[in-house]
Amino acid sequence: MKARFVLVVALLVLTAGCLSGGGGAPESDGSSGDGADDGGSGDGAGDGGDGGDSSDGDAPDSSDGGDAVSGEWEPFAFDTPARYEYDVFMEDDGEGTIVWDVESVDDGEYTVTLIYEMGDERYETTATGTKDTVAQQFFTNPGGIVLVTTMSQPAVWYEGRDLSTGTKWSYSTPQGSASFAVTGTDTIAGVDCWTSEMKINDSVFHEACFSPDLGLAPYAAYYGEDGTLEMSLTLVSYEEN
């Protein structure tokens with residue numbers, strides 16, 4: 001996975017300007033097509049692509065998807081007090097849970113509690129302040145690092161994109177190529193979202209389901225070069241406070 005992350009870092013540098021309106025341009029224009037690259041379907045988190053069978057990734061068992069709300073996804077946008085609970089899988093650590101509880105929102109000030117449990121370890125952090133202040137304080141909690149890895153990194157690729165089935169784009173670097181596709185819709189823990197798939201050199205590296213209504217994605221996962229699931233988060237409960 002380390003080699004693939006080198007490519008990801010290169011892509012982050014390449015695309016940072018593109019997705020913010022500056023810099024170079026991707027190979028495609030992001031317009032809607034007939035579907036995802038390589039025939040990707042929209043019935044969940046994907047089929048593992050050409051890089052190996054990722055069916056052992058335990059993608060969320062959800063419905064075929066309702067009418068997901070269209071629009072753009074903005075990560076860590078918490079204008080509504082709500083409680084998110086996730087099941088977490090880490091290849092080296094096993095299974096655990098993350099709770100992100102937005103307790104109050106008052107004139108730009110947020111009070112959020114983050115609880116991360118993995119094995120016999122439990123971390124709980126409560127922070128109050130602006131979004132930036134809250135995010136910075138959660139770096140001391142391993143659960144915050146997991147959320148940043150699964151949410152902030154994809155934000156560079158997907159933020160500002162039209163989340164509509166068939167939207168796809170790609171980039172090339174000296175280390176290889178990356179392609180992105182919005183493959184369909186799904187419903188996870190009662191939340192409608194758009195499924196997406198990222199491939200590096202034709203093998204699936206990242207899958208997710210984004211909801212423009214939420215600041216955290218209902219589903220996110222990373223895979224190794226052989227298609228093995230390396231980490232994932234799956235929303236199991238969402239309730240507004």
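The values are calculated or read from the model by the stated rules, or taken from the named source; none is laboratory data. Since the model is a prediction, treat every value here as computed from it, not as a measurement. Heads up, the Cβs are rebuilt from the backbone with ideal geometry, glycines too, and the neighbour counts pull from every protein chain shown. Remember, those area values only see protein heavy atoms, side chains included, never the ligands or the DNA or RNA. Shrake-Rupley method; radii C 1.70, N 1.55, O 1.52, S 1.80 Å.
A few points about this structure:
Conditions (1) open to solvent by less than 40 Å² (accessible area, probe 1.4 Å); (2) in contact with a Ser or Thr (Cβ under 6 Å, 6 or more places away or on another chain); (3) on the phi > 0 side of the Ramachandran plot, marked per residue:
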{"residue": "PRO81", "(1), (2), (3)": "yes, yes, no"}
{"residue": "GLU95", "(1), (2), (3)": "no, no, no"}
{"residue": "VAL99", "(1), (2), (3)": "yes, no, no"}
{"residue": "VAL102", "(1), (2), (3)": "yes, no, no"}
{"residue": "GLU121", "(1), (2), (3)": "no, no, no"}
{"residue": "LYS131", "(1), (2), (3)": "no, no, no"}
{"residue": "ALA135", "(1), (2), (3)": "no, no, no"}
{"residue": "ASN141", "(1), (2), (3)": "yes, yes, no"}
{"residue": "LEU147", "(1), (2), (3)": "yes, no, no"}
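- VAL191 vs. criteria of a type in the set (A, V, I, L, M, F, W, C) and crowded, with 22+ Cβ neighbours inside 10 Å: yes
- Which numbered condition GLU207 fails, given (1) at pLDDT 90 or above; (2) open to solvent by 30 Å² or more (accessible area, probe 1.4 Å); (3) not β-branched (Val, Ile, Thr): (2)
- Yes/no for THR183 being crowded, with 23+ Cβ neighbours inside 10 Å and either under 17 Å from the mean Cα position of the chain (by Cα) or in contact (Cβ under 8 Å) with a residue 40 or more places away in the chain (or both): yes
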